[in-house]
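**Q** Please find one structure pasted underneath; my questions will follow.
The values are calculated or read from the model by the stated rules, or taken from the named source; none is laboratory data. If you're wondering where the values come from, they're calculated on a predicted model, not measured in any experiment. Positions of Cβ are backbone-derived with ideal geometry, glycine not excepted, and every protein chain shown enters the neighbour counts. When the accessible area is computed, the model is the full protein with side chains, heavy atoms only, and any ligands, DNA or RNA have been set aside. Shrake-Rupley method; radii C 1.70, N 1.55, O 1.52, S 1.80 Å.
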Amino acid sequence: SQELEQSPQSLIVQEGKNLTINCTSSKTLYGLYWYKQKYGEGLIFLMMLQKGGEEKSHEKITAKLDEKKQQSSLHITASQPSHAGIYLCGADGAAGNKLTFGGGTRVLVKP
Amino acid sequence: GAVVSQHPSRVICKSGTSVKIECRSLDFQATTMFWYRQFPKQSLMLMATSNEGSKATYEQGVEKDKFLINHASLTLSTLTVTSAHPEDSSFYICSASPGMSLTYEQYFGPGTRLTVT
């Protein structure tokens, strides 16, 4: 089965600073999804990456998928308190859209 | 965007009783629905995948007789936790997808916090 490792597990950053979260797969990624979860709530879809070398941005969040399609990073520029939450990467396998999730990264932004 | 609702958002039940959680896709037809469980400070664990009109496919280690899943229509799936015990206390999240292939996105519900006393 596919395993996803996220690092770091938790992160505290000062408001205005940048942060990066990594997601590494044991197998080739067919589709890599980034979600944000506020504590005790559902998941908010951020971005999906499918092609090697692909990069997508939305507002201050940029996600990249490496050429080998085994590692993805999520970068937040000039973080704000609203960026606090749990960031999860998810991947689907070759058989369909059954998602496997990484362990999550808990982000806290200090004002 | 597509909206998925869950009901109830929170439920407290006594040990030994059963509790039903509903997952609805509000503005699209969900061919496939997924049920996840999330323990405190941990990631989501897929429990089962259900397709409308057919039996759910359970992940290894998930008791199908304890976690009954019904996907009776293209907009509703239910998860019933039977004979609940305190160790079943968890955050349950459903997601819904309009298709089965890689090109379809999953839309997540807001989650249901179950506490078994």
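**Q** How many of the residues making up region A:34-63 are of a type in the set (Ser, Thr, Tyr), surrounded by fewer than 18 Cβ atoms within 10 Å (Cβ to Cβ) and within 14 Å of chain B (Cβ to nearest Cβ)?
**A** Residues of region A:34-63 that are of a type in the set (Ser, Thr, Tyr), as a first pass: A:35, A:39, A:57, A:62.
Narrowing the set further to residues that are surrounded by fewer than 18 Cβ atoms within 10 Å (Cβ to Cβ) leaves A:39, A:57, A:62.
Those left that are additionally within 14 Å of chain B (Cβ to nearest Cβ): A:39.
Qualifying residue count for the region: 1.
**Q** At least 1 residues that are more than 16 Å from the chain's Cα centre (by Cα) in each: list the strands (runs of 3 or more DSSP E) lying fully within chain A that qualify.
**A** Values: elements: A:4-7, A:10-14, A:19-25, A:31-37, A:43-49, A:55-58, A:61-65, A:71-76, A:85-92, A:99-101, A:105-110.
In chain A, the matching strands (runs of 3 or more DSSP E) lie at A:10-14, A:105-110.
**Q** May I ask you to list the residues in region B:13-37 that are away from every other protein chain (no Cβ under 12 Å), in a strand (DSSP E or B) and either more than 12 Å from B:Phe91 (Cα to Cα) or among the acidic types (Asp, Glu) (or both)?
**A** Listed by number, the residues that qualify are B:Cys13, B:Val19, B:Lys20, B:Glu22, B:Arg24, B:Ser25.
**Q** Follow-up question, since we're still on this one. Would you confirm, using the coordinates I've provided, whether A:Thr100 is of a type in the set (S, T, N, Q) and either under 29 Å from B:Tyr58 (Cβ atoms) or within 14 Å of chain B (Cβ to nearest Cβ) (or both)? Walk me through how you get there before you give the answer.
**A** On the way: of a type in the set (S, T, N, Q): yes; either under 29 Å from B:Tyr58 (Cβ atoms) or within 14 Å of chain B (Cβ to nearest Cβ) (or both): yes.
Yes: the conditions hold for A:Thr100.
**Q** Just one of the numbered conditions (1) within 20 Å of A:Gly42 (Cα to Cα); (2) more than 13 Å from the chain's Cα centre (by Cα) is not true of B:Glu87; which one?
**A** Here B:Glu87 clears every test but (1).
**Q** I'd like the full set of residues that are open to solvent by 10 Å² or more (accessible area, probe 1.4 Å) and more than 9 Å from chain A (Cβ to nearest Cβ), limited to region B:89-115.
**A** Scanning region B:89-115 gives B:Ser89, B:Pro98, B:Thr115.
**Q** Tally time: how many residues in region B:1-12 are more than 10 Å from chain A (Cβ to nearest Cβ) and aliphatic (A, V, I, L, M)?
**A** 3
**Q** Okay, next question. Filter region B:38-84 down to residues that are part of a strand (DSSP E or B) and in contact with a helix residue (DSSP H, G or I) (Cβ under 9 Å, 6 or more places away or on another chain) and give me whichever is farthest from the other protein chains (Cβ to nearest Cβ). Quick ask: steps written out before the conclusion?
**A** Of region B:38-84, the ones part of a strand (DSSP E or B) are B:38, B:44-51, B:57-58, B:67-73, B:76-81.
Next, from what is left, pick out any that are in contact with a helix residue (DSSP H, G or I) (Cβ under 9 Å, 6 or more places away or on another chain): B:67, B:81.
Values: B:Phe67: 17, B:Val81: 19 Å.
Going through the qualifying residues, I end up with B:Val81.
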